[in-house]
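For reference, the structure is listed below as structure tokens.
The values are calculated or read from the model by the stated rules, or taken from the named source; none is laboratory data. Computed from a predicted model, the values in this text were never measured in an experiment. In this analysis, Cβ positions are derived from the backbone assuming ideal geometry, glycine residues included, and neighbour counts consider all displayed protein chains. Ligands, DNA and RNA are stripped out before the accessible areas are found, and what is left, the full protein with its side chains, is counted by its heavy atoms. Shrake-Rupley method; radii C 1.70, N 1.55, O 1.52, S 1.80 Å.
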Amino acid sequence: MITPRVEVDIDKIRHNACHLVQCLGRRGIAVTGVTKAVCGHPEIAQALLDGGVSGLADARIENIEHMRRSGILAPISLLRPSTPAQADRVVRYCTASYNTELDTIRALGRAALRLKIVHEVILMIEMGDMREGIMPDDLADAARAVIDMPGVVLKGIGANFACLGGIAPDARDMIELNKLADEVETVCGLHLDTISGGNSANLPWALGQVNTLNINDLRLGEAIMLGVYPLSGHRIDGLFTDAFSLFAEVIESKMKPNAPSRSGSARDMQENGGIIDPLRDWRSILAIGNQDTDIDGLTLPTDLASLRGTSDQFVIKIAGHNLPVGTEISLQPNYSALMRVMNASSVAKVVRDRKSRVQTDPEDRYSSYLALV
Ligand SMILES: *Cc1c(COP(=O)(O)O)cnc(C)c1O
């Protein structure tokens, strides 16, 4: 089969979404399925919906347009604040958007009026991550301004954690977010539909709580796709961590020196005839590089070790045996590797699900190897 390729196990993604929807549903929290790491891949988006998420969200309008063109009708919100120039596209394709700038929201309102629709706005609050968000002290004024704007309605508030600052939210942050929601509701005399408590980094809090206050939404990407807690990398109970596998092919395998050297010293080592040179190892090169993915974010099968990636080649070390040219190696991407690989036109995407299982070649010489990994 073609390499490099990502194989996507739709059943596992659907299962992960469904499991989180159920666990969080018991706590009064709905799941918004975040598709940005998979570039709005329509079959994956559909798996999230089949798993029971209440809506979808993506950071890029292009990805959302792709999902709409593929026939996805569910509510989709734009996570990253848009530019005013994108307002027409945003209101046309997105049910709601997360925003921090009144000028942009005004542009969204004008665009919505032109289309004779109402666009939903969720205000993002800065709560320590140092990325997007209105300062808490300015929230009530911003909310009042949005309420007075034609073409938009204030749907809710949200906060983001651990994206830039790397600090997980805790119970105090959630109490604070809850207070801010109460304040907006009191000051503006309205009910907020959505109080969105963060991304996958907030799952330890959400799953560990009996009382989740008024927080009624989490925006989850990594936890569903990869089945792990983002900050610790630990598996989330009950979830699959191998819904995505990246396959790359061996293009060279040779016994080679272990350290960079000038050509003369490399020859010296080769002439060390008969004696096993501790400074040499079996090394292979895979036809994949940093232009396709984040090489440092790939996990290899246990008998292989990563040496280094360049733009187009990935050098690996093999314990004690050779890997024939043409061998396919299965690699597990982390979130950073996943988002790059899904965005790379050089990497094929192969979707497997129960209905249409990809047929593996029974004559495949390396199937036994693959079965091990
Ligand atoms: C990316 C993103 C998410 C989803 O984050 P995960 O860690 O993948 O769950 C949620 N909210 C915002 C604003 C984001 O940018």
Working from Cα positions, state the angle (0 to 90°, nearest 10) between the long axis of helix 10-25 and the longest principal axis of the chain.
-> 40 degrees
Length gained, residue 352-residue 211, 0.36 nm per residue minus C-alpha separation, equals 46.9 nm
Determine the relative contact order of the chain: mean sequence separation of Cα pairs under 8 Å and six or more apart, normalised by residue count, in whole percent.
-> 18 percent
Using a probe of 1.4 angstrom, how much of the accessible area of the chain is carbon and sulfur, in percent?
-> 51 percent
For the chain, what are the per-bin percents of Cα-Cα distances with bins 20 Å wide, up to the bin holding the maximum?
-> 26, 48, 21, 5, 0
For the residue 103, residue 70 Cβ pair and Förster radius 56 Å, calculated FRET efficiency rounded to 0.05 is 0.95
Give the accessible surface of the stretch 36-137 per residue, rounded to a whole number of Å², with probe radius 1.4 Å and ligands, DNA and RNA excluded.
-> 44 Å²
Relative contact order as a percentage, the stretch 57-104, C-alpha pairs under 8 Å and 6+ apart, gives 40 percent
Antiparallel DSSP bridges in the chain: what percent, to the nearest 5?
-> 45 percent
Cα-centre dipole for the chain with unit charges at Cβ (Lys and Arg positive, Asp and Glu negative), debye to 20 = 720 debye
Kindly express, to the nearest 10 degrees and within the range 0 to 90, the angle between helix 171-188's C-alpha long axis and the longest C-alpha principal axis of the chain.
-> 30 degrees
